[in-house]
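Trainee: Before anything else, here's the structure in question.
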Amino acid sequence: MPSAIEVRKVPIHSVADASELAKLIDDGVMAAERVIAIIGKTEGNGGVNDYTRIIADRAFREVLIEKGAPEEQVRQVPIVWSGGTDGVISPHATIFATTDAEPSDELRLTVGFAMSEPILPEEIGYVAMIEKVAAGVKVAMERAGITDPADVHYVQTKTPLLTIHTIRDAKSRGKEVWTEHTHESMDLSNGVTGLGIAVALGEIEMPTDADVMNSRDLYSSVASCSSGVELDQAQIVVVGNARGVGGKYRIGHSVMKDALDADGIWEAIKDAGLDLPERPRTSDLDGRLVNVFLKCEASQSGEVRGRRNAMLDDSDVHWHRQIKSCVGGVTAAVTGDPAVFVSVSAAHQGPEGGGPVAAIVDMS
């Protein structure tokens with residue numbers, strides 16, 4: 001049986017800052033060698049060349065090593081950074097560590113991690129990548145001690161996207177790639193990964209190559225997929241609930257039906273186990289919400305609730321940044337805290353124009 005989980009959200013005071021992680025360790029909240037995953041937001045542009053993710057990754061790993069965790073072990077810790085804190089979204093990290101707790105028959109937070117087989121550039125956008133992601137999700141579920149897919153509430157991934165270098169590599173071997181536009185490949189990699197998660201959890205049957213980025217009715221309700229230049233495999237973190245692990249945290253999920261669906265956020269918090277009024281307010285959370293994790297996407301219709309917007313036509317500010325800022329504001333209005341994990345590019349992750357929401361709460 002996996003260990004119980006301690007989870008804390010900490011602010012990031014500058015791009016290379018990991019001082020709050022160091023403080024958690026110094027204060028005895030968690031041990032460096034027991035940190036098993038970190039998921040956070042950095043303040044870069046969120047694009048292909050967002051190097052704030054690499055800077056933050058290095059800073060957090062260096063603290064873990066400095067505080068006594070073995071270097072080889074630290075290299076294997078999944079650290080997933082989503083770049084871009086547009087609008088009021090505040091840079092932060094959510095840190096997961098194992099802890100000692102009495103076993104419990106209550107459903108409590110559990111985390112499992114896996115790496116997929118290497119993903120070749122010519123596989124990005126095709127069934128071959130879906131299959132590799134799905135296989136990795138099943139391994140992570142097993143490591144989390146989860147046997148029922150219904151107990152999976154959040155799957156955070158980081159996958160490779162296409163760069164000029166990897167496109168050239170594929171061509172040198174006589175292979176074609178799905179797109180030669182590197183920024184478009186970010187949406188593509190995220191979307192294919194979402195399909196892989198949905199297949200692994202039995203949400204959909206195996207799609208075809210033609211379904212990728214086209215059949216938007218095929219999606220996962222728990223997928224949160226990011227991509228970048230940092231790796232050539234799918235890095236997979238499965239977060240759910242299991243009996244027997246103990247601890248005081250629990251996770252739940254729902255979906256936002258569109259960019260303004262605050263009720264979808266509240267439903268995720270309620271699904272995690274908090275007893276809230278029919279029409280809750282931020283004050284009802286009473287400090288028990290650890291964090292929320294969302295994906296968002298500009299609707300392909302160019303509308304929200306029947307009203308036209310210009311996000312998809314704007315040549316000055318990419319729609320990635322606009323929808324992230326919008327949903328970040330809606331989410332912060334619910335939680336009362338701008339340090340929320342809102343990530344863009346949600347193809348095949350939640351309904352078209354909306355996205356999945358996961359919430360971790362303190363049940364103590």
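The values are calculated or read from the model by the stated rules, or taken from the named source; none is laboratory data. Note that the structure is a prediction, hence the values are computed from the model and not measured. Here the Cβ is made from the backbone with ideal geometry for all residues, glycine too, and neighbour counts use every protein chain on show. Quick note on the areas: whole protein, heavy atoms, side chains included, nothing else; ligands and nucleic acids left out. Shrake-Rupley method; radii C 1.70, N 1.55, O 1.52, S 1.80 Å.
Trainee: How about the stretch 201-214: which of its residues are open to solvent by less than 30 Å² (accessible area, probe 1.4 Å) and either modelled with pLDDT under 95 or farther than 22 Å from Ala272 by Cβ (or both)?
Mentor: Ile204, Pro207, Val212
Trainee: Listed residues Gly228, Gly244, Gly196, Gly174; which is open to solvent by less than 60 Å² (accessible area, probe 1.4 Å) and either over 30 Å from Leu107 (Cα atoms) or in contact with a strand residue (DSSP E or B) (Cβ under 8 Å, 6 or more places away or on another chain) (or both)?
Mentor: Gly228
Trainee: Residues to consider are Val330, Val357; find the one that is touching a residue at least 40 places away in the same chain (Cβ under 8 Å), surrounded by fewer than 24 Cβ atoms within 10 Å (Cβ to Cβ) and not in a loop (DSSP other than H, G, I, E, B).
Mentor: Val330
Trainee: Something else: For the stretch 16-59, which residues satisfy the criterion of being within 23 Å of Gln322 (Cβ to Cβ) and in a loop (DSSP other than H, G, I, E, B)?
Mentor: Listed by number, the residues that qualify are Glu43, Gly44, Asn45, Gly46, Gly47, Val48, Asn49, Asp50, Tyr51.
Trainee: Please specify each residue of the stretch 206-232 satisfying the condition of being touching a residue at least 40 places away in the same chain (Cβ under 8 Å) and polar (S, T, N, Q).
Mentor: Thr208, Ser220, Ser221, Ser224, Ser226, Ser227
Trainee: Does the stretch 253-264 include one or more residues that are open to solvent by less than 20 Å² (accessible area, probe 1.4 Å), in contact with a strand residue (DSSP E or B) (Cβ under 8 Å, 6 or more places away or on another chain) and assigned to a helix (DSSP H, G or I)?
Mentor: yes
Trainee: Within the stretch 265-304, how many residues are touching a residue at least 24 places away in the same chain (Cβ under 8 Å), open to solvent by 30 Å² or more (accessible area, probe 1.4 Å) and in a strand (DSSP E or B)?
Mentor: 2
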